[in-house]
1. Using Cα atoms only, what is the angle between the long axis of helix 2-78 and the major principal axis of the chain, expressed in degrees (0 to 90) to the nearest 10?
2. Where only protein heavy atoms count, and the probe is 1.4 Å, what is the accessible area per residue for the chain in Å²?
3. Counting only protein heavy atoms, what percent of the accessible surface of the chain is carbon or sulfur at a 1.4 Å probe?
4. Can you give the percent of C-alpha pairs in region 9-79 whose distance is more than 17 Å?
Amino acid sequence: MFFNKKLKMKIEELEQENNQLRQIIHDLNTRITGLEKSYLGSQAEIARLTNIINELSNANRILNSESKAKRYSDDERLY
């Protein structure tokens, strides 16, 4: 009788620990999901900013080419 009561108490204790571990796992999975979304959002923002930088670099190259062409034509007029 005493053994059965002790065994039941141990089972209840293990069930409580199991429930706590399940909650911890759930919380960790929730955190991981949040971090994944944050990471993906960061990756999308990095891609967007990279595209903007590339567009600005292209525009800068065009302006530099036009500026050089204008300078060259201005220099030719001097002769």
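1. 0 degrees
2. Result: 99 Å² of accessible area for each residue.
3. Values: 4650 of 7830 Å².
Ligands and nucleic acids excluded, carbon and sulfur reach 59 percent.
4. Numbers: 1771 of 2485 pairs.
Above the 17 Å cut-off, region 9-79 has 71 percent of its Cα pairs.
The values are calculated or read from the model by the stated rules, or taken from the named source; none is laboratory data. As the structure is a prediction and not an experimental result, all values here were calculated from the model. For accessibility, only protein heavy atoms count, side chains too; no ligands or nucleic acids. Shrake-Rupley method; radii C 1.70, N 1.55, O 1.52, S 1.80 Å.
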